[in-house]
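The values are calculated or read from the model by the stated rules, or taken from the named source; none is laboratory data. Owing to the predicted nature of the structure, the values given are computational and were not obtained by experimental measurement. We place every Cβ from the backbone using ideal geometry, glycine too, and count neighbours over all the protein chains shown.
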Amino acid sequence: MKKLQLLIITLMLLGSNSVFAQSLEANTQWLSKNLDRLVKEEKGKESVPTFKFKGCQMNMNIDSKNSKDSDVDFGMSISWLLKDVQRVSYEREKDGNYELKMQVPADRMKMKLGFGNDNNLSGSFNLKDNDSDSKTSFTLHTQDESLVKEMVHRFEDSVKMCKNAR
């Protein structure tokens, strides 16, 4: 009887891990797709960030090539764990678009830089900051507040899932 109970408990735990992974993946795929679509640099700028998630890790990559001088190449990647996000909010900007804000301590962010063709001069480091209120923000080029609310909701759900994961 005890073996059967142990088997049932084990199967329930495995099932909950599968549901967690599927829910997190669905949220992060949706977030990645919508962030890539809505976070744009101003016209005329040559770099546009792209967003990727690896489980509970969020990555923002910026790759910029100067079209006037093809020898100049700059790449930057910033990453942090969703469990380190302390708060997600948004604010309407004067032009009607929205700013998505995430509070992440600077010392929990990792940055990788690369310069030159194929980023042959590169380095990586952790940001250090005594300011525990470090914020990362992105302008979302949309005036659809319900879409922005959905984004905040999916971020908050993903953060909760990652904080509860062991």
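Pairing residues of the stretch 68-80 that are in a loop (DSSP other than H, G, I, E, B) with residues that are at pLDDT below 80, at Cβ distances under 7 Å and at least 6 apart in sequence or on separate chains, gives Asp71/Asn117; Val72/Asn66. For the structure I just gave you, tell me whether Lys45 is outside any strand (DSSP E or B) and either at pLDDT 75 or above or β-branched (Val, Ile, Thr) (or both). Here the answer is no, as Lys45 does not meet what is asked. Is it true that some residue in the stretch 60-82 is surrounded by 15 or more Cβ atoms within 10 Å (Cβ to Cβ), modelled with pLDDT of 75 or more, within 17 Å of Met151 (Cα to Cα) and not aliphatic (A, V, I, L, M)? There is no residue in the stretch 60-82 that is surrounded by 15 or more Cβ atoms within 10 Å (Cβ to Cβ), modelled with pLDDT of 75 or more, within 17 Å of Met151 (Cα to Cα) and not aliphatic (A, V, I, L, M).
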